[in-house]
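Asker: Take a look at this one; I'll ask things after.
Just so it is clear, none of the values below were taken in a lab; they were calculated from the coordinates. Keep in mind it's a predicted model, so treat the numbers as computed, not measured. Here the Cβ positions follow ideal geometry from the backbone for every residue, glycine too, while neighbour counts run over all protein chains shown.
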Amino acid sequence: MKLRLDGRIVYRGVLVLFVSVFLLSGCRTMEPVLDVGAALGVSTGVVTSGQAESIRRSAVAVGKTFEDITPEQEYYMGRAVAATILGRYRPYPDEEANRYVNLVGQTLAQASDRPETFGGYHFLILDADEINAFAAPGGFILVTRGMLRLCQNEDQVAAVLAHEIAHIQGRDGLRSIRSGRLTSALTILAAEGMKNLGSGELAQVTEAFEGSVSDITATLLNNGYSRDLEREADRCALMFLGRVGYDPGALTTVLKQMESRTQKSGSGFGRTHPDPIERIMDLGGKPAGVSRPAVPAARQARFQQALGNV
């Protein structure tokens, strides 16, 4: 009896592992990995061939729930999330500063693996002293004045924005949605096709998507992403910085500065992100083999002119 119970525990553990890996990595790229994992589970006797196939189908089905969200739906979800955040924080009205952050951000976005979204990328400074930044689905990136004050040069601003762009690229916000409510909405939409939704179905879809927006907003403002997602966003940020010509080491520098500032407060960044020192350790302390050149004088002058008074 004990052996059978342990077997069920192992089976559930393997199922959770497969689904988690699949969600973190995306359907297309992970199907071969799931096949390998299933074969390994069978060969080692952890699961039967029937259980392995069931695990594979379950993981694919859960992953496709997120894949089925259209770019338009992602955009409108993200816009609603951004609007909710702007209900808590005021936009910073300095046009020159916002134009500068958009210039740096758009350049980095074009260097990402997802250079285009349905509504494009949008960057906005929030008039808040706390150290924080948010990436809402579809390309909406909001960064506080407190975060920008932490940055000593343009490369460090780029490091902050690159990390948030990586969350957009990975569609990390969508992974905050409770799968049950999203599945319900997508099932209704798929069943109705091009027909008009009845009042009952429309109410269900509206409720599901409103709940989805609430899930994403709660993650950004209160809970934060998992350490795995933050680690992946940091690694992607290093690539984006290198592609554009910024110093990848700027990310580690910013994290060290965050550590010295966020220890004094549990709000904002400190509440929604893993400890900066842990993130630095995940990056190996500093990007291996990357030199750290001096910031060009013209770039530093541009930074000072745009953000010197933020």
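Asker: Let me make sure I get this right: for the stretch 66-111, a, b and c are the square roots of the gyration tensor eigenvalues over alpha carbons, sorted descending. Under 1.5 in a/c it's rounded, otherwise prolate if a/b > b/c, else oblate. Which is it? Intermediate values should be presented prior to the final figure.
Answerer: On the way: a/c = 3.97, a/b = 1.34, b/c = 2.97.
Since a/c reaches 1.5 but b/c is at least a/b, the shape of the stretch 66-111 is classed as oblate.
Asker: Further question: Using the number of other C-beta atoms within 10 angstrom as an exposure proxy, rank 275, 155 with the fewest first. It would help to have the intermediate numbers written out before the result.
Answerer: Details: 275 15, 155 27.
Starting with the residue having the fewest Cβ neighbours, the order is 275, 155.
Asker: What are the ³J(HN,Hα) values, in whole Hz, obtained from phi via the Karplus relation 6.51 cos²θ - 1.76 cosθ + 1.60 with θ = phi - 60°, for each residue of the stretch 85-91 in sequence order, with x given for Gly and Pro?
Answerer: Each residue's phi maps through the Karplus curve to give 5, 6, x, 9, 10, 7, x Hz.
Asker: About its Cα centre, what dipole magnitude does the stretch 77-146 give when the only charges are +1 on Lys and Arg Cβ and -1 on Asp and Glu Cβ, stated in debye to the nearest 20? Please report the intermediate quantities before stating the final value.
Answerer: Numbers: 6 positive and 8 negative charges, 43 e Å.
Dipole about the Cα centre, nearest 20: 200 debye.
Asker: Quick one: 281, 147, 77, 239, fewest Cβ neighbours within 10 Å first, how do they rank?
Answerer: Details: 281 10, 147 27, 77 24, 239 15.
Ascending number of Cβ neighbours within 10 Å: 281, 239, 77, 147.
Asker: Which of the peptides 85-92, 136-143, 245-252, 99-106 is most tightly packed, and how do the rest follow, judged by the mean count of other Cβ atoms within 10 Å per residue?
Answerer: On the way: 85-92: 14.0, 136-143: 26.8, 245-252: 22.8, 99-106: 19.0.
Descending mean neighbour count gives 136-143, 245-252, 99-106, 85-92.
Asker: Please report 151, 236 as a ranked list, fewest other C-beta atoms within 10 angstrom at the top and most at the bottom.
Answerer: With the sparsest Cβ surroundings first, the list reads 236, 151.
Asker: Still on this structure: Explain nothing, just compute: Karplus ³J(HN,Hα) = 6.51 cos²θ - 1.76 cosθ + 1.60, θ = phi - 60°, for every residue of the stretch 228-233 in order, whole Hz, x for Gly and Pro.
Answerer: For the stretch 228-233, the Karplus-derived couplings read 4, 5, 5, 4, 5, 5 Hz, x marking Gly and Pro.
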